[in-house]
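A single structure is presented below for examination.
The values are calculated or read from the model by the stated rules, or taken from the named source; none is laboratory data. What you see is a predicted model, and the numbers here were worked out from it, not measured in a lab. Glycine gets a Cβ as well: all are built from the backbone with ideal geometry, and neighbour counts include every protein chain shown. Remember, those area values only see protein heavy atoms, side chains included, never the ligands or the DNA or RNA. Shrake-Rupley method; radii C 1.70, N 1.55, O 1.52, S 1.80 Å.
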Amino acid sequence: MGKVLIIGAGGVGTVVVHKVAQNHAVFTEIMLASRTKSKCDVIAADVKQRYGVNVATAQVDADNVNELIALFNDYKPELVINVALPYQDLTIMDACLATGVNYLDTANYEPKDEAHFEYSWQWAYQQRFKDAGLTAILGCGFDPGVTSVFTAYAAKHHFDEIHYLDIVDCNAGDHGKAFATNFNPEINIREVTQKGKYWENGQWVETEPHEIHKPLNYPEIGPKESYVIYHEELESLVKNFPTLKRARFWMTFGQEYLTHLRVIQNIGMARIDEVEYNGVKIVPIQFLKAVLPNPGDLGENYTGWTSIGCRISGIKDGKPKTYYIYNNCSHEAAFTETGTQGVSYTTGVPATIGALMFMTGQWRQPGVFNVEEFNPDPFLEQLGKQGLPWVELTDIDLEL
Ligand code: NDP
């Protein structure tokens, strides 16, 4: 049905290429392009061996709009799946507009020199995508992504009004390392060291980093200390679901992880500004990334589960109602299928389903959209089939 170009050959990119190849009837031609072509070639060879599907590869610097335009004009994809870094979102969107290509990503734009997450930069492209008749699908990983679709599904089928939303993200996996991040360390550390923020009674409430925490029980896992942090899907969800009185995001962290994080910050290794070292300018957090374990290599010995979902309360037929929708994903099963760990898997599968929704015409509308603005039903119909089965519980104690 369509030709797809995937940009970024990291952990998430690897999963996307596998899943797109598994859906070869829809994605009839596939190309993987990234900064380092040799990484693309390794993934393409693995996919060819597993499924007999050909994946073309190319080198591209996605910070450079002209290079992207040349690649898009040469390959002529219908859709670009951006699973490079958030820094490249705008250059790739610019190239899409210049060449008439549709766009999908999993993380909102972030400037390199500011740890600052907001959709305003990408929402500013709304009119240009609309005028060009092109679709841009924003934030189609797990969170943002599936959590946003879960919320839309709950609002559509289970509530007249949703009032309280708590997105709960637990990684109960064990990779055997003292400290490692589950996706790009630079992006991950910038995200988890920022101040906490949540929505309450029509305004944002800011907290110190990790100030609010409590143990929450996760299905098949048990209690895990969970911390309120700011997460980007809150911004679009409170806009798109104005009945929300409160919206928070909780993530589990182990004590060992938090201790390492504190040391990293205290000694200045989380800094995102340039420092001079032996006459060379380096950014400490980028240097740190070079010495930390590669998230893409954690899969082999990773055991345990991730559990991510939405705990929602509100009103149905005039009565209060509680609802919990979640997915548990096994790191081992993700590794067996794609050679990557669960966090890359839970991001790459939804990105592929979003692309599938676009290619099959179900999520195709000129403009720039967050995923909760589309029909959640066909997406959730695919989620289990593509490897991430979901569970719903109603009228339970949400612990919140
Ligand atoms: P990785 O660091 O593993 O991979 C990023 C890839 O992008 C690498 O192959 C890298 O190239 C490539 N890249 C970086 N800069 C450029 C550039 N200028 N031009 C071309 N290619 C470039 O990251 P992940 O796979 O872990 O994450 C990918 C994306 O997924 C990130 O944006 C992350 O924020 C997002 N994410 C979203 C989640 C969600 O649930 N919504 C959860 C987890 C991640 P090279 O190999 O040469 O370094």
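Please go through the range 89-101 and give me each residue that is more than 21 Å from Leu234 (Cβ to Cβ) and either within 14 Å of the ligand (Cβ to nearest atom) or in contact with a Phe, Trp or Tyr (Cβ under 6 Å, 6 or more places away or on another chain) (or both), ordered by number.
Hits for the range 89-101 are Leu90, Thr91, Ile92, Met93, Asp94, Ala95, Cys96, Thr99, Val101.
Something else about it: For the range 110-133, which residues satisfy the criterion of being within 18 Å of Ser236 (Cβ to Cβ) and in contact with a Ser or Thr (Cβ under 9 Å, 6 or more places away or on another chain)?
Tyr119, Trp123, Phe129 - these are the residues of the range 110-133 that are within 18 Å of Ser236 (Cβ to Cβ) and in contact with a Ser or Thr (Cβ under 9 Å, 6 or more places away or on another chain).
Looking only at residues in the range 241-268 that are within 22 Å of the chain's Cα centre (by Cα) and assigned to a loop (DSSP other than H, G, I, E, B), which one is surrounded by the fewest Cβ atoms within 10 Å (Cβ to Cβ)?
Among those that are within 22 Å of the chain's Cα centre (by Cα) and assigned to a loop (DSSP other than H, G, I, E, B), it is Gly254.
Could we say that Glu206 is out of contact with any helix residue (DSSP H, G or I) (no Cβ under 9 Å at 6 or more places or on another chain), assigned to a strand (DSSP E or B) and either in contact (Cβ under 8 Å) with a residue 60 or more places away in the chain or more than 24 Å from Tyr87 (Cβ to Cβ) (or both) here?
So Glu206 passes the test.
Turning to a different aspect of this structure: Please list, ordered by first then second residue, the pairs with beta carbon atoms under 6 Å, 6 or more apart or interchain, first in the range 333-346 and under 13 Å from Gln386 (Cα atoms), second aromatic (Phe, Trp, Tyr) and within 12 Å of the ligand (Cβ to nearest atom).
Between residues of the range 333-346 that are under 13 Å from Gln386 (Cα atoms) and residues that are aromatic (Phe, Trp, Tyr) and within 12 Å of the ligand (Cβ to nearest atom), the close pairs are Ala334/Tyr345; Thr346/Phe142.
Still on this model: Looking at the range 224-240 only, could you name the residues that are in a helix (DSSP H, G or I) and within 18 Å of Arg190 (Cα to Cα)?
Glu233, Leu234, Glu235
Quick one: how many residues across the range 180-212 are open to solvent by 20 Å² or more (accessible area, probe 1.4 Å) and either farther than 24 Å from Glu118 by Cα or in contact with a Leu (Cβ under 8 Å, 6 or more places away or on another chain) (or both)?
Residues flagged as open to solvent by 20 Å² or more (accessible area, probe 1.4 Å) and either farther than 24 Å from Glu118 by Cα or in contact with a Leu (Cβ under 8 Å, 6 or more places away or on another chain) (or both) within the range 180-212 amount to 7.
Scanning the range 8-30 for residues that are part of a loop (DSSP other than H, G, I, E, B) and in contact with a Ser or Thr (Cβ under 8 Å, 6 or more places away or on another chain), which turns out surrounded by the fewest Cβ atoms within 10 Å (Cβ to Cβ)?
Among them, the one singled out is Val26.
With the condition kept exactly as written, say whether any residue in the range 165-185 is part of a helix (DSSP H, G or I), under 20 Å from the mean Cα position of the chain (by Cα) and not assigned by TED's automatic domain parsing to the domain that holds Asp113.
Yes, there is a match, as at least one residue in the range 165-185 is part of a helix (DSSP H, G or I), under 20 Å from the mean Cα position of the chain (by Cα) and not assigned by TED's automatic domain parsing to the domain that holds Asp113.
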